[in-house]
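A short worksheet on the structure shown next.
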2 protein chains.
Amino acid sequence: MKSESDVELCKLFGKHLAKIRKESGWSQERLANESGLARSYVGDVERGIRNIALINIFRIADTLGIDVAELFQFKR
Amino acid sequence: MKSESDVELCKLFGKHLAKIRKESGWSQERLANESGLARSYVGDVERGIRNIALINIFRIADTLGIDVAELFQFKR
């Protein structure tokens with residue numbers, strides 16, 4: 001079961017990912033295409049409604065060419 | 001489907017988590033008890049045979065009292 005704060009953490013992660021993606025000048029579509037993930041999935045992760053797991057977290061970081069730790073460098 | 005390198009990433013993450021936990025002087029049992037996760041689950045994550053998702057990654061970092069980004073600061 002997701003508690004309120006779990007939902008909040010997923011949202012913060014998604015918001016931070018969207019920020020990094022946009023700063024890289026990438027569209028959601030490009031991130032989806034190059035990572036092999038579905039565009040709807042990437043959108044759901046950025047909206048914080050998916051509890052994304054390790055393998056896809058690494059896949060996104062590698063596709064964007066960033067260190068995976070960067071995806072977690074946000075204020076809570 | 002997990003590719004060989006996905007398995008490798010899960011193993012690296014698990015190994016790094018185990019290192020941090022041991023450096024904190026915590027047993028797997030204490031981490032499991034205090035996080036509310038099953039001990040077998042924590043063991044599986046540390047052995048790299050679980051594709052742990054965001055909410056549980058945060059739960060583990062918060063339980064250990066570390067920044068979540070620290071869980072991803074390892075050499076690949």
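The values are calculated or read from the model by the stated rules, or taken from the named source; none is laboratory data. Keep in mind the model is a prediction, meaning the values are calculated, not measured. Using ideal geometry, Cβ is built from the backbone for each residue, glycine included, and neighbour counts are taken over all protein chains shown.
Here are the numbers for this structure:
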| quantity | calculated |
| --- | --- |
| Total residues in the stretch A:37-66, condition more than 8 Å from chain B (Cβ to nearest Cβ) and farther than 18 Å from A:Ser27 by Cα | 2 |
| Helices (runs of 4 or more DSSP H) lying entirely in chain A (those with 3 or more residues that are modelled with pLDDT under 95 and over 18 Å from B:Asp6 (Cα atoms)) | A:4-23 |
| Selected residue (criterion: farthest from B:Ile57 (Cα to Cα)) from residues of the stretch B:34-44 that are loosely packed, with under 14 Cβ neighbours inside 10 Å and not aliphatic (A, V, I, L, M) | B:Ser40 |
| Close pairs (7 angstrom Cβ cut-off, 6 or more residues apart or separate chains): closer than 16 Å to A:Arg59 by Cα in the stretch A:14-28, assigned to a helix (DSSP H, G or I) and of a type in the set (Gly, Ala, Ser) anywhere | A:Gln28/A:Gly43 |
| Extreme residue, surrounded by the fewest Cβ atoms within 10 Å (Cβ to Cβ), among residues of the stretch A:67-76 that are facing chain B (nearest Cβ under 9 Å) and farther than 12 Å from A:Ile20 by Cα | A:Arg76 |
| Exclusive hit being charged (D, E, K, R) and either touching a Cys at 6+ places or on another chain (Cβ under 7 Å) or crowded, with 17+ Cβ neighbours inside 10 Å (or both), set A:Arg47, A:Arg21 | A:Arg21 |
| Some residue of the stretch B:63-72 being under 10 Å from the mean Cα position of the chain (by Cα) and under 20 Å from A:Glu8 (Cα atoms) | yes |
